[in-house]
Amino acid sequence: MDLLNFLQDHAPCYMYDGEKVESQCRKLKDTLSGFDFLYSVKTNAFPPMIQGVAKEGFGADAASSREVELALENGIAPEQVFYSSPGKTDQDIEASFGKCVLIADSISEVRRIHQVAARRGETAEIGIRVNPDFTMLGDRGCASKFGVDTRELLVSEAVLDACTNVRIIGIHVHIQSQILDYQVLGRYYQNCFALARRIQAMNRVWIKFINFGSGIGALYREELDHPVDLEKLAGLAAAIVDENDRTLKAKLYIETGRFIGCNAGKYYTKIVDIKESYGQKYLIVENAMNGFLRPAIANLLSKATEQSLPGYEPLYTCQNEFGVRVLNQEDHRERVHIVGNLCTALDVICENVEVNHTRVGDIIEITNAGSYGYSLSPLLFSGHAAPGQYYVFGGKIFSGE
Ligand SMILES: *Cc1c(COP(=O)(O)O)cnc(C)c1O
(Lines give C-alpha, C1' and ligand atoms only; values in the text may rest on other atoms or scores of the structure.)
Protein backbone atom coordinates (compact mmCIF):
# COMPACT_ATOMS: atom_id res chain seq x y z
CA MET A 1 0.00 0.00 0.00
CA ASP A 2 1.28 3.45 -0.85
CA LEU A 3 0.12 5.44 2.15
CA LEU A 4 0.60 8.83 0.56
CA ASN A 5 -1.46 7.96 -2.51
CA PHE A 6 -4.16 6.51 -0.32
CA LEU A 7 -4.22 9.66 1.82
CA GLN A 8 -4.35 11.95 -1.20
CA ASP A 9 -7.65 10.28 -2.06
CA HIS A 10 -9.03 9.69 1.44
CA ALA A 11 -7.86 12.42 3.86
CA PRO A 12 -9.24 13.74 6.12
CA CYS A 13 -9.25 10.37 7.83
CA TYR A 14 -8.12 8.31 10.77
CA MET A 15 -5.82 5.34 10.21
CA TYR A 16 -5.61 2.71 12.95
CA ASP A 17 -2.74 0.25 13.08
CA GLY A 18 -4.36 -3.11 13.87
CA GLU A 19 -1.05 -4.82 14.64
CA LYS A 20 -0.33 -2.18 17.27
CA VAL A 21 -3.83 -2.55 18.74
CA GLU A 22 -3.39 -6.29 19.06
CA SER A 23 0.12 -6.03 20.47
CA GLN A 24 -1.14 -3.63 23.16
CA CYS A 25 -3.85 -6.18 24.03
CA ARG A 26 -1.22 -8.90 24.29
CA LYS A 27 1.04 -6.81 26.52
CA LEU A 28 -1.73 -6.70 29.10
CA LYS A 29 -2.78 -10.34 28.72
CA ASP A 30 0.78 -11.64 28.82
CA THR A 31 1.85 -9.75 31.93
CA LEU A 32 -1.23 -9.39 34.13
CA SER A 33 -2.14 -13.02 34.60
CA GLY A 34 -5.24 -13.79 36.61
CA PHE A 35 -7.12 -10.86 35.05
CA ASP A 36 -9.55 -10.51 32.17
CA PHE A 37 -9.85 -7.32 30.16
CA LEU A 38 -12.64 -5.09 28.94
CA TYR A 39 -12.22 -2.65 26.08
CA SER A 40 -13.82 0.75 26.72
CA VAL A 41 -15.86 1.20 23.57
CA LYS A 42 -16.34 4.93 24.06
CA THR A 43 -12.65 5.52 23.30
CA ASN A 44 -13.01 4.24 19.74
CA ALA A 45 -16.12 2.44 18.55
CA PHE A 46 -14.98 1.81 14.97
CA PRO A 47 -16.27 -1.72 14.21
CA PRO A 48 -12.95 -3.20 12.95
CA MET A 49 -11.31 -1.89 16.13
CA ILE A 50 -13.87 -3.69 18.32
CA GLN A 51 -13.39 -6.81 16.19
CA GLY A 52 -9.63 -6.54 16.73
CA VAL A 53 -9.90 -6.47 20.52
CA ALA A 54 -12.62 -9.15 20.47
CA LYS A 55 -10.21 -11.42 18.60
CA GLU A 56 -7.79 -10.96 21.50
CA GLY A 57 -10.47 -12.17 23.92
CA PHE A 58 -11.34 -8.78 25.36
CA GLY A 59 -14.84 -8.08 26.59
CA ALA A 60 -16.46 -4.65 26.43
CA ASP A 61 -17.02 -1.76 28.81
CA ALA A 62 -20.07 -0.17 27.20
CA ALA A 63 -21.18 3.34 28.16
CA SER A 64 -24.58 3.32 26.44
CA SER A 65 -27.14 0.85 25.14
CA ARG A 66 -25.86 1.64 21.62
CA GLU A 67 -22.35 0.61 22.69
CA VAL A 68 -23.81 -2.65 24.05
CA GLU A 69 -25.20 -3.31 20.54
CA LEU A 70 -21.90 -2.37 18.89
CA ALA A 71 -19.97 -4.76 21.13
CA LEU A 72 -22.41 -7.61 20.37
CA GLU A 73 -22.44 -6.89 16.63
CA ASN A 74 -18.65 -7.03 16.53
CA GLY A 75 -17.98 -10.35 18.15
CA ILE A 76 -18.15 -9.88 21.92
CA ALA A 77 -20.31 -12.35 23.84
CA PRO A 78 -23.18 -10.97 26.01
CA GLU A 79 -21.64 -12.22 29.27
CA GLN A 80 -18.50 -10.25 28.38
CA VAL A 81 -20.33 -6.96 27.81
CA PHE A 82 -20.63 -4.73 30.89
CA TYR A 83 -22.91 -1.74 30.58
CA SER A 84 -21.96 0.94 33.07
CA SER A 85 -22.99 4.57 32.96
CA PRO A 86 -24.87 6.99 35.13
CA GLY A 87 -28.41 7.90 34.15
CA LYS A 88 -29.64 4.92 32.16
CA THR A 89 -33.17 5.53 30.95
CA ASP A 90 -35.88 2.87 31.28
CA GLN A 91 -35.56 2.43 27.50
CA ASP A 92 -31.79 1.81 27.89
CA ILE A 93 -32.47 -0.83 30.54
CA GLU A 94 -35.16 -2.50 28.43
CA ALA A 95 -33.05 -2.39 25.26
CA SER A 96 -30.01 -4.00 26.86
CA PHE A 97 -31.76 -6.35 29.29
CA GLY A 98 -30.50 -9.91 28.85
CA LYS A 99 -27.88 -8.79 26.31
CA CYS A 100 -25.15 -7.77 28.73
CA VAL A 101 -24.28 -7.44 32.39
CA LEU A 102 -25.99 -4.29 33.59
CA ILE A 103 -24.06 -2.28 36.14
CA ALA A 104 -26.42 -0.22 38.28
CA ASP A 105 -25.06 3.23 38.94
CA SER A 106 -27.33 4.08 41.88
CA ILE A 107 -29.68 2.40 44.33
CA SER A 108 -32.66 3.80 42.42
CA GLU A 109 -31.26 2.21 39.27
CA VAL A 110 -31.11 -1.17 41.06
CA ARG A 111 -34.79 -0.67 41.78
CA ARG A 112 -35.61 0.19 38.18
CA ILE A 113 -33.71 -2.84 36.88
CA HIS A 114 -35.65 -4.94 39.38
CA GLN A 115 -38.92 -3.51 38.04
CA VAL A 116 -38.00 -4.32 34.44
CA ALA A 117 -36.93 -7.83 35.47
CA ALA A 118 -40.11 -8.36 37.46
CA ARG A 119 -42.25 -7.30 34.49
CA ARG A 120 -40.46 -9.89 32.41
CA GLY A 121 -40.70 -12.53 35.14
CA GLU A 122 -36.91 -12.87 35.22
CA THR A 123 -34.07 -12.41 37.66
CA ALA A 124 -31.24 -10.16 36.54
CA GLU A 125 -27.69 -10.77 37.71
CA ILE A 126 -26.19 -7.32 37.83
CA GLY A 127 -23.18 -5.42 39.05
CA ILE A 128 -23.15 -2.22 41.00
CA ARG A 129 -20.83 0.69 40.51
CA VAL A 130 -19.34 1.79 43.80
CA ASN A 131 -18.02 5.24 44.59
CA PRO A 132 -15.21 4.04 46.83
CA ASP A 133 -14.15 5.54 50.13
CA PHE A 134 -10.64 6.08 48.77
CA THR A 135 -9.13 7.95 45.84
CA MET A 136 -6.40 6.92 43.43
CA LEU A 137 -3.89 8.31 45.91
CA GLY A 138 -5.30 6.45 48.85
CA ASP A 139 -6.83 8.70 51.47
CA ARG A 140 -10.62 9.05 51.52
CA GLY A 141 -13.52 9.20 49.13
CA CYS A 142 -15.24 12.22 47.67
CA ALA A 143 -18.54 13.22 46.11
CA SER A 144 -19.12 11.89 42.61
CA LYS A 145 -21.90 11.51 40.07
CA PHE A 146 -20.67 7.95 39.49
CA GLY A 147 -21.76 4.94 41.49
CA VAL A 148 -23.14 4.45 44.99
CA ASP A 149 -21.13 5.72 47.95
CA THR A 150 -19.64 2.78 49.83
CA ARG A 151 -21.29 3.89 53.06
CA GLU A 152 -24.70 4.15 51.41
CA LEU A 153 -24.36 0.74 49.80
CA LEU A 154 -23.38 -0.93 53.05
CA VAL A 155 -26.57 0.31 54.74
CA SER A 156 -28.87 -0.51 51.81
CA GLU A 157 -29.47 -4.18 52.58
CA ALA A 158 -33.19 -3.62 53.23
CA VAL A 159 -33.65 -1.85 49.89
CA LEU A 160 -31.74 -4.55 48.05
CA ASP A 161 -33.80 -7.19 49.87
CA ALA A 162 -36.94 -5.71 48.39
CA CYS A 163 -35.48 -5.96 44.87
CA THR A 164 -36.20 -9.66 44.62
CA ASN A 165 -35.68 -9.82 40.85
CA VAL A 166 -32.06 -8.74 40.93
CA ARG A 167 -28.97 -10.41 42.32
CA ILE A 168 -25.85 -8.32 42.77
CA ILE A 169 -22.99 -10.42 41.54
CA GLY A 170 -20.21 -7.91 41.13
CA ILE A 171 -18.83 -4.46 41.68
CA HIS A 172 -17.37 -1.88 39.35
CA VAL A 173 -14.97 0.83 40.48
CA HIS A 174 -13.37 3.45 38.26
CA ILE A 175 -12.05 6.71 39.60
CA GLN A 176 -9.18 8.01 37.50
CA SER A 177 -7.47 7.46 34.17
CA GLN A 178 -3.96 7.99 32.87
CA ILE A 179 -1.90 6.69 35.77
CA LEU A 180 1.65 5.78 34.78
CA ASP A 181 2.98 4.83 38.25
CA TYR A 182 2.61 1.08 38.84
CA GLN A 183 2.75 1.54 42.62
CA VAL A 184 -0.26 3.84 42.57
CA LEU A 185 -2.17 1.34 40.45
CA GLY A 186 -1.14 -1.60 42.63
CA ARG A 187 -2.31 0.11 45.80
CA TYR A 188 -5.55 1.10 44.09
CA TYR A 189 -6.23 -2.51 43.05
CA GLN A 190 -5.56 -3.60 46.65
CA ASN A 191 -8.06 -1.05 47.92
CA CYS A 192 -10.66 -2.21 45.38
CA PHE A 193 -10.22 -5.81 46.39
CA ALA A 194 -10.58 -4.99 50.09
CA LEU A 195 -13.73 -3.05 49.23
CA ALA A 196 -15.14 -6.06 47.38
CA ARG A 197 -14.59 -8.20 50.47
CA ARG A 198 -16.48 -5.70 52.64
CA ILE A 199 -19.37 -5.68 50.19
CA GLN A 200 -19.37 -9.45 49.92
CA ALA A 201 -20.26 -9.57 53.62
CA MET A 202 -23.64 -7.98 52.85
CA ASN A 203 -26.83 -9.99 52.48
CA ARG A 204 -28.07 -10.48 48.92
CA VAL A 205 -24.65 -9.88 47.43
CA TRP A 206 -22.62 -12.64 45.80
CA ILE A 207 -19.39 -11.25 44.40
CA LYS A 208 -18.62 -13.21 41.23
CA PHE A 209 -16.70 -10.41 39.56
CA ILE A 210 -14.69 -7.37 40.48
CA ASN A 211 -14.14 -4.76 37.81
CA PHE A 212 -11.20 -2.57 38.83
CA GLY A 213 -11.93 -0.04 36.09
CA SER A 214 -9.27 1.71 34.12
CA GLY A 215 -6.24 3.61 35.27
CA ILE A 216 -3.43 2.24 33.13
CA GLY A 217 -2.19 5.22 31.16
CA ALA A 218 -1.09 5.63 27.57
CA LEU A 219 2.27 7.07 26.61
CA TYR A 220 1.42 10.49 25.25
CA ARG A 221 4.82 12.19 25.43
CA GLU A 222 7.63 9.82 24.60
CA GLU A 223 10.39 12.22 25.69
CA LEU A 224 8.82 13.12 29.02
CA ASP A 225 6.90 10.09 30.27
CA HIS A 226 7.62 6.44 30.97
CA PRO A 227 5.11 3.72 30.22
CA VAL A 228 3.53 1.83 33.12
CA ASP A 229 5.90 -0.90 34.28
CA LEU A 230 3.47 -3.76 33.69
CA GLU A 231 5.87 -6.41 35.04
CA LYS A 232 6.12 -4.64 38.38
CA LEU A 233 2.38 -3.98 38.40
CA ALA A 234 1.84 -7.69 37.83
CA GLY A 235 4.09 -8.38 40.83
CA LEU A 236 1.80 -6.30 43.06
CA ALA A 237 -1.36 -7.69 41.45
CA ALA A 238 -0.23 -11.29 42.03
CA ALA A 239 -0.91 -10.89 45.75
CA ILE A 240 -4.50 -9.90 44.94
CA VAL A 241 -4.92 -12.84 42.57
CA ASP A 242 -3.67 -15.18 45.33
CA GLU A 243 -5.94 -13.69 47.94
CA ASN A 244 -8.87 -13.91 45.53
CA ASP A 245 -8.11 -17.59 44.86
CA ARG A 246 -8.28 -18.24 48.59
CA THR A 247 -11.36 -16.10 49.29
CA LEU A 248 -13.86 -14.67 46.79
CA LYS A 249 -12.85 -16.67 43.72
CA ALA A 250 -14.26 -13.80 41.66
CA LYS A 251 -13.42 -13.03 38.07
CA LEU A 252 -11.11 -10.02 38.00
CA TYR A 253 -11.49 -7.44 35.24
CA ILE A 254 -9.40 -4.48 34.21
CA GLU A 255 -10.89 -1.94 31.83
CA THR A 256 -8.80 -0.16 29.30
CA GLY A 257 -9.34 2.21 26.44
CA ARG A 258 -6.52 4.61 25.65
CA PHE A 259 -3.78 2.07 26.45
CA ILE A 260 -5.04 -0.03 23.54
CA GLY A 261 -5.85 2.60 20.96
CA CYS A 262 -4.20 5.93 21.62
CA ASN A 263 -0.77 5.37 20.06
CA ALA A 264 -2.22 3.07 17.38
CA GLY A 265 -4.12 5.81 15.58
CA LYS A 266 -3.07 8.74 13.44
CA TYR A 267 -5.17 11.49 12.00
CA TYR A 268 -4.54 12.85 8.53
CA THR A 269 -5.87 15.96 6.96
CA LYS A 270 -5.12 18.06 3.92
CA ILE A 271 -3.98 21.65 3.50
CA VAL A 272 -6.59 23.58 1.55
CA ASP A 273 -5.13 27.08 1.77
CA ILE A 274 -1.95 28.85 2.86
CA LYS A 275 -1.90 32.50 3.85
CA GLU A 276 0.09 35.08 5.73
CA SER A 277 -1.06 37.65 8.24
CA TYR A 278 1.23 40.20 9.90
CA GLY A 279 4.18 38.09 8.83
CA GLN A 280 2.81 34.85 10.27
CA LYS A 281 2.03 31.87 8.13
CA TYR A 282 -1.22 29.92 8.42
CA LEU A 283 -1.79 26.48 6.97
CA ILE A 284 -5.54 25.98 6.72
CA VAL A 285 -6.68 22.38 6.80
CA GLU A 286 -9.94 20.50 6.48
CA ASN A 287 -11.66 19.01 9.53
CA ALA A 288 -9.36 20.27 12.26
CA MET A 289 -11.35 20.45 15.50
CA ASN A 290 -14.47 19.12 13.77
CA GLY A 291 -12.46 16.01 12.80
CA PHE A 292 -10.11 15.68 15.77
CA LEU A 293 -11.02 17.83 18.76
CA ARG A 294 -8.26 17.10 21.26
CA PRO A 295 -5.47 19.21 19.73
CA ALA A 296 -7.76 22.27 19.88
CA ILE A 297 -8.50 21.58 23.56
CA ALA A 298 -4.79 21.11 24.31
CA ASN A 299 -4.04 24.39 22.58
CA LEU A 300 -6.77 26.19 24.49
CA LEU A 301 -5.52 24.81 27.80
CA SER A 302 -1.94 25.71 27.15
CA LYS A 303 -3.01 29.30 26.49
CA ALA A 304 -5.33 29.44 29.49
CA THR A 305 -2.86 28.03 31.99
CA GLU A 306 0.88 27.93 32.38
CA GLN A 307 0.56 24.75 34.42
CA SER A 308 1.50 21.42 32.99
CA LEU A 309 -1.58 19.23 32.86
CA PRO A 310 -1.83 15.49 33.30
CA GLY A 311 -3.61 13.60 30.57
CA TYR A 312 -6.69 12.39 32.37
CA GLU A 313 -8.98 15.39 32.16
CA PRO A 314 -10.35 17.56 30.73
CA LEU A 315 -11.27 15.78 27.58
CA TYR A 316 -8.47 13.26 27.67
CA THR A 317 -5.69 15.49 26.55
CA CYS A 318 -2.55 17.18 27.72
CA GLN A 319 -0.01 19.65 26.42
CA ASN A 320 2.73 18.53 24.01
CA GLU A 321 0.80 15.38 23.40
CA PHE A 322 0.69 15.31 19.63
CA GLY A 323 3.39 14.78 17.04
CA VAL A 324 2.58 16.84 13.94
CA ARG A 325 4.36 16.62 10.61
CA VAL A 326 3.84 17.39 6.96
CA LEU A 327 4.17 14.39 4.67
CA ASN A 328 6.42 15.67 1.92
CA GLN A 329 10.12 15.49 1.03
CA GLU A 330 11.01 19.17 1.51
CA ASP A 331 14.27 19.87 3.37
CA HIS A 332 13.43 23.48 3.93
CA ARG A 333 11.62 24.06 7.24
CA GLU A 334 9.27 26.87 8.21
CA ARG A 335 7.40 28.08 11.28
CA VAL A 336 3.62 28.03 10.91
CA HIS A 337 0.25 27.88 12.61
CA ILE A 338 -1.87 24.92 11.55
CA VAL A 339 -5.54 25.80 11.81
CA GLY A 340 -8.88 24.54 10.55
CA ASN A 341 -11.49 26.01 8.22
CA LEU A 342 -14.24 26.56 10.79
CA CYS A 343 -15.51 30.01 11.63
CA THR A 344 -14.10 29.94 15.14
CA ALA A 345 -10.64 30.95 16.33
CA LEU A 346 -10.55 27.89 18.61
CA ASP A 347 -10.14 25.70 15.55
CA VAL A 348 -6.39 25.17 15.93
CA ILE A 349 -4.20 22.10 15.60
CA CYS A 350 -1.02 23.78 16.77
CA GLU A 351 0.62 27.17 16.80
CA ASN A 352 4.23 28.14 16.17
CA VAL A 353 5.32 24.75 15.03
CA GLU A 354 8.23 24.04 12.71
CA VAL A 355 7.33 21.79 9.78
CA ASN A 356 8.53 21.07 6.24
CA HIS A 357 7.81 23.79 3.73
CA THR A 358 4.30 23.09 2.45
CA ARG A 359 2.08 23.44 -0.57
CA VAL A 360 -1.69 23.34 -0.84
CA GLY A 361 -2.72 19.70 -1.06
CA ASP A 362 0.01 18.40 1.29
CA ILE A 363 -1.05 15.98 3.99
CA ILE A 364 -0.61 16.69 7.70
CA GLU A 365 -0.18 13.79 10.12
CA ILE A 366 -1.10 13.99 13.82
CA THR A 367 -0.21 11.21 16.24
CA ASN A 368 -1.99 9.82 19.33
CA ALA A 369 -5.34 9.90 17.59
CA GLY A 370 -6.52 6.33 18.15
CA SER A 371 -8.56 7.00 21.31
CA TYR A 372 -10.97 9.82 22.02
CA GLY A 373 -10.46 11.00 18.46
CA TYR A 374 -13.36 10.34 16.13
CA SER A 375 -15.63 9.40 19.05
CA LEU A 376 -15.07 12.64 20.94
CA SER A 377 -15.08 15.23 18.16
CA PRO A 378 -17.93 17.57 17.13
CA LEU A 379 -18.25 15.99 13.69
CA LEU A 380 -21.51 17.76 12.82
CA PHE A 381 -20.32 21.29 13.48
CA SER A 382 -20.77 23.64 10.51
CA GLY A 383 -22.12 20.93 8.27
CA HIS A 384 -18.82 19.57 7.00
CA ALA A 385 -18.52 15.91 6.02
CA ALA A 386 -17.02 13.72 8.76
CA PRO A 387 -13.53 12.26 8.26
CA GLY A 388 -13.16 8.63 7.23
CA GLN A 389 -11.79 5.82 9.39
CA TYR A 390 -9.59 2.92 8.27
CA TYR A 391 -8.17 -0.05 10.13
CA VAL A 392 -4.99 -1.49 8.68
CA PHE A 393 -4.16 -5.10 9.41
CA GLY A 394 -1.97 -7.57 7.56
CA GLY A 395 -1.36 -5.03 4.79
CA LYS A 396 -5.10 -4.69 4.12
CA ILE A 397 -7.28 -1.67 4.75
CA PHE A 398 -10.68 -2.17 6.38
CA SER A 399 -13.23 0.58 6.06
CA GLY A 400 -15.77 -0.98 8.41
CA GLU A 401 -18.31 -1.53 5.63
C1 LIG B 1 -13.73 6.18 29.97
C2 LIG B 1 -13.70 5.02 30.89
C3 LIG B 1 -12.69 4.06 30.78
C4 LIG B 1 -11.54 4.19 29.82
O5 LIG B 1 -10.51 4.94 30.38
P6 LIG B 1 -9.06 4.94 29.69
O7 LIG B 1 -8.30 5.89 30.53
O8 LIG B 1 -9.22 5.38 28.29
O9 LIG B 1 -8.54 3.54 29.76
C10 LIG B 1 -12.79 2.94 31.57
N11 LIG B 1 -13.79 2.78 32.46
C12 LIG B 1 -14.76 3.70 32.62
C13 LIG B 1 -15.84 3.45 33.58
C14 LIG B 1 -14.73 4.85 31.84
O15 LIG B 1 -15.69 5.77 32.02
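Can you confirm whether segment 177-200 contains a residue that is of a type in the set (Gly, Ala, Ser) and under 19 Å from the mean Cα position of the chain (by Cα)? Walk me through it before giving the result.
Quick first cut of segment 177-200, residues of a type in the set (Gly, Ala, Ser) only: 177, 186, 194, 196.
When the remaining residues are screened for being under 19 Å from the mean Cα position of the chain (by Cα), the result is 177.
Yes - at least one qualifying residue is present in segment 177-200.
Of the conditions (1) out of contact with any Phe, Trp or Tyr (no Cβ under 6 Å at 6 or more places or on another chain); (2) surrounded by fewer than 24 Cβ atoms within 10 Å (Cβ to Cβ), residue 84 clears all except one; give me its number.
It fails just one condition, (2).
Could you count how many residues in segment 121-177 are open to solvent by 20 Å² or more (accessible area, probe 1.4 Å) and within 23 Å of residue 99 (Cβ to Cβ)?
Matching residues across segment 121-177 total 9.
Looking at 157, 109, which is the one that is within 16 Å of the ligand (Cβ to nearest atom), touching a Lys or Arg at 6+ places or on another chain (Cβ under 8 Å) and of a type in the set (D, E, K, R)?
Numbers: 157 fails: within 16 Å of the ligand (Cβ to nearest atom).
Just a single option satisfies the conditions, and that option is 109.
I'd like to check something: does segment 15-25 contain any residue that is more than 26 Å from residue 169 (Cβ to Cβ), of a type in the set (S, T, N, Q) and in contact (Cβ under 8 Å) with a residue 12 or more places away in the chain?
yes
Against the definition (open to solvent by 20 Å² or more (accessible area, probe 1.4 Å), within 15 Å of the ligand (Cβ to nearest atom) and in contact (Cβ under 8 Å) with a residue 24 or more places away in the chain), how does residue 40 come out, yes or no?
On the way: open to solvent by 20 Å² or more (accessible area, probe 1.4 Å): no; within 15 Å of the ligand (Cβ to nearest atom): yes; in contact (Cβ under 8 Å) with a residue 24 or more places away in the chain: yes.
No: the conditions fail for residue 40.
Residue 255 versus (1) under 26 Å from residue 369 (Cβ atoms); (2) open to solvent by 10 Å² or more (accessible area, probe 1.4 Å): which is the lone unmet condition?
(2)
Looking at 268, 282 in this structure, which one is touching a Leu at 6+ places or on another chain (Cβ under 7 Å) and either part of a loop (DSSP other than H, G, I, E, B) or aromatic (Phe, Trp, Tyr) (or both)? Lay out the reasoning, then the answer.
Numbers: 282 fails: touching a Leu at 6+ places or on another chain (Cβ under 7 Å).
Just one listed residue meets the conditions, 268.
Going by what's in this entry, would residue 29 be described as within 16 Å of the ligand (Cβ to nearest atom), under 18 Å from residue 375 (Cβ atoms) and surrounded by fewer than 19 Cβ atoms within 10 Å (Cβ to Cβ)?
Spelling it out, it is not the case that residue 29 is within 16 Å of the ligand (Cβ to nearest atom), under 18 Å from residue 375 (Cβ atoms) and surrounded by fewer than 19 Cβ atoms within 10 Å (Cβ to Cβ).
Which one of these does residue 239 not meet: (1) aliphatic (A, V, I, L, M); (2) more than 18 Å from residue 214 (Cβ to Cβ); (3) touching a residue at least 40 places away in the same chain (Cβ under 8 Å); (4) open to solvent by less than 30 Å² (accessible area, probe 1.4 Å)?
(4)
Residue pairs, Cβ under 7 Å, 6 or more apart or interchain, first in segment 255-282 and within 19 Å of residue 359 (Cβ to Cβ), second of a type in the set (D, E, K, R) and within 13 Å of the ligand (Cβ to nearest atom). List them.
So the pair list comes out empty.
Could you list all residues from segment 20-41 that are of a type in the set (D, E, K, R) and either farther than 17 Å from residue 391 by Cα or touching a Pro at 6+ places or on another chain (Cβ under 7 Å) (or both)?
Quick first cut of segment 20-41, residues of a type in the set (D, E, K, R) only: 20, 22, 26-27, 29-30, 36.
Once the filter is applied, which keeps residues that are of a type in the set (D, E, K, R) and either farther than 17 Å from residue 391 by Cα or touching a Pro at 6+ places or on another chain (Cβ under 7 Å) (or both), segment 20-41 yields 26, 27, 29, 30, 36.
The values are calculated or read from the model by the stated rules, or taken from the named source; none is laboratory data. All of these numbers come straight from a predicted model, not from anything done at the bench. Every residue, glycine as well, gets a Cβ built from its backbone with ideal geometry; the counts of neighbours run over all protein chains shown. Ligands, DNA and RNA are stripped out before the accessible areas are found, and what is left, the full protein with its side chains, is counted by its heavy atoms. Shrake-Rupley method; radii C 1.70, N 1.55, O 1.52, S 1.80 Å.
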